[in-house]
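Only one structure is covered here, and it is reproduced in the block below.
The values are calculated or read from the model by the stated rules, or taken from the named source; none is laboratory data. Everything numeric here is computed off the predicted structure, so don't read it as measured data. Positions of Cβ are backbone-derived with ideal geometry, glycine not excepted, and every protein chain shown enters the neighbour counts.
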């Protein structure tokens, strides 16, 4: 009989006990004898079978760090499963694991190893970073991620940006806003990657079956790009706020222009793009309706006009509703 959290006994062991038992069997007699390539290992009990499981996480980080670049695949595959089953055990050494994994990104590694590495980073973020309520950890993670990306080539940056985009989607509203503001406040070296992060986080891709031939083993699927993710407004709006008050708006304007243009071409109709345009137009009307009293106010209006021109210029404004166009025209006429 196993006691549960509500005081009721159960005949089934708790999940953490099941996970530790399963990994003890899988990793016995030594969890990293294959990964490190050691022929003979003198090890007693595996770390998971010991009373305290804390030594297990540091040994995992050391084993991954000591792997050659092309031999990191087994370690990454193992860590993906451990991040789900033993997240509380790995959380104290989250920063060490993150640094170890990020050190591999700039290295020239094979495509399968790179895919496994990115999947492992995604699992680490999903099971350890996203559920965490401490925003300081988010800031530390972004700082490490930001310092690593400029060392990578463009293809790796784009793949890593897609991983971070999935993090932005999963974060709670307050944490998501902080993550976007952290990105917007420091674009040096990650201008392209930041645009990919926003675009990947906002886009939604659907796949439908267009051919189900019984003579073939697999069906044929076609991609339909027509809508935006439900978090798109909370991703773009903080960047607009930072852009209006930033001391260096050029990089932020380029980021917003690339993002909005890409999303405009991504959406199939007006309704699919309205989740992004409505907050921007509301901000435009609020900014233009106020008479600027100083140079700061004039600069805010100028920046907002530049941003509105992006919405009207992409696809000739065909992704704006008639109401949005009337709002823009009426406030512009009143302003001038």
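Of note:
- Residues that are surrounded by 20 or more Cβ atoms within 10 Å (Cβ to Cβ) and under 17 Å from residue 199 (Cβ atoms), drawn from the range 266-306: 267, 273, 275, 276, 277, 280
- Count of the range 91-103 residues which are part of a helix (DSSP H, G or I) and surrounded by fewer than 20 Cβ atoms within 10 Å (Cβ to Cβ): 6
- Test: residue 88 is surrounded by fewer than 18 Cβ atoms within 10 Å (Cβ to Cβ), in contact (Cβ under 8 Å) with a residue 60 or more places away in the chain and not in a loop (DSSP other than H, G, I, E, B): yes
- Screening residue 327 on (1) under 16 Å from residue 244 (Cα atoms); (2) in contact with a helix residue (DSSP H, G or I) (Cβ under 7 Å, 6 or more places away or on another chain); (3) surrounded by 13 or more Cβ atoms within 10 Å (Cβ to Cβ) shows it passes everything except condition (1).
- Looking across the range 104-121, the residues that are within 14 Å of the chain's Cα centre (by Cα) and either farther than 23 Å from residue 88 by Cβ or crowded, with 18+ Cβ neighbours inside 10 Å (or both) come down to 118, 120, 121.
- Residue in the range 142-163 that is in a helix (DSSP H, G or I), farther than 22 Å from residue 189 by Cα and free of Cβ contacts under 8 Å to residues at least 12 places away in the same chain present: no
- The listed residues are 131, 112, and the only one of them that is in a helix (DSSP H, G or I) and modelled with pLDDT of 85 or more turns out to be 112.
- Every test in (1) within 30 Å of residue 188 (Cβ to Cβ); (2) modelled with pLDDT under 90; (3) within 30 Å of the chain's Cα centre (by Cα) is passed by residue 242 save one, and that test is (2).
- Any hit, the range 201-222, residues being assigned to a helix (DSSP H, G or I) and either crowded, with 20+ Cβ neighbours inside 10 Å or modelled with pLDDT of 95 or more (or both): yes
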